[in-house]
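Below: one structure, written as structure tokens.
Every read-out reported here was derived from the displayed coordinates using simple, explicitly stated rules and does not represent laboratory data. Predicted model only: the values in this text are computed from it and were never measured. So basically every Cβ, Gly included, is an ideal-geometry build from the backbone, and we count neighbours across all protein chains shown.
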Amino acid sequence: MTNPYPEAKLRLRMSSHDAHYAGKLVDGARILNLFGDLATELTIRYDGDEGLFRAYDQVEFLAPVHSGDYIEAIGRITEVGITSRKMIFEAYKVIAPTQDHEDSACDVLDPPVLVAKASGTCVVLKEKQRKNE
């Protein structure tokens with residue numbers, strides 16, 4: 001059975017400005033920022049309002065992310081309450097710079113590498129819900 005709720009995706013390249021630690025390592029908070037952007041899009045698609053991110057239930061960072069990596073983040077609403085919207089998120093590294101070639105060489109990762117996953121809840125006040133009434 002397919003999920004009747006919306007899905008949202010983002011794909012972007014981590015820049016040198018995203019690197020926070022030695023070795024061009026990107027802070028995990030940058031991935032959570034992507035998940036927050038997805039949550040906002042999902043509540044807009046479902047309710048017509050940005051809503052508010054209430055809490056993460058679970059967050060796991062599973063692989064390092066470096067500047068130059070292309071990250072694809074996916075969010076899905078999994079459950080809808082009166083005002084709550086439960087969501088899951090995954091972030092994959094889909095392209096990475098090579099370590100053993102020239103500076104501009106990159107590899108498409110097949111399969112992509114799951115770098116983070118999370119679940120959480122957003123709230124959209126009843127009076128702000130403009131869709132699905």
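If I model a spin label at R130 and D100 as a point 7 Å from the Cα along the Cα→Cβ vector, what separation in nanometres do I get?
If labels sit at R130 and D100, their model points lie 5.4 nm apart.
Among the aspartates and glutamates, select those whose C-alpha is under 17 Å from the C-alpha of K93, and discard any that sit fewer than 8 residues away in the same chain.
Straight-distance partners of K93: D18, D27, E60, D69, E72, D107, D110.
L52 to K9: FRET efficiency via 1/(1 + (r/R0)^6), r the Cβ-Cβ distance, R0 25 Å, to the nearest 0.05?
Rounded to the nearest 0.05, the efficiency is 0.70.
Among V59, V124, V108, pick out the residue whose Cα is farthest towards the positive end of the charge dipole of region 7-128, where Lys and Arg carry +1 and Asp and Glu carry -1 on C-beta, about the Cα centre.
Farthest towards the positive pole: V124.
Between region 68-105 and region 1-15, what's the alpha-carbon centroid distance in Å?
8
Treating the beta-carbon of each Lys and Arg as +1 and of each Asp and Glu as -1, no other charges, what is the dipole magnitude of region 7-128 about its Cα centre, to the nearest 20 debye?
Value, rounded to 20: 440 debye.
Grab the beta carbon distance between S84 and L114, set R0 = 25 Å, and tell me the FRET efficiency rounded to 0.05.
Here the calculated transfer efficiency is 0.45.
Under a point-charge model restricted to the Cβ atoms of Lys and Arg (+1) and Asp and Glu (-1), what is the dipole moment magnitude of region 50-102 relative to its Cα centre, in debye to the nearest 20?
Charge dipole of region 50-102: 380 debye, to the nearest 20.
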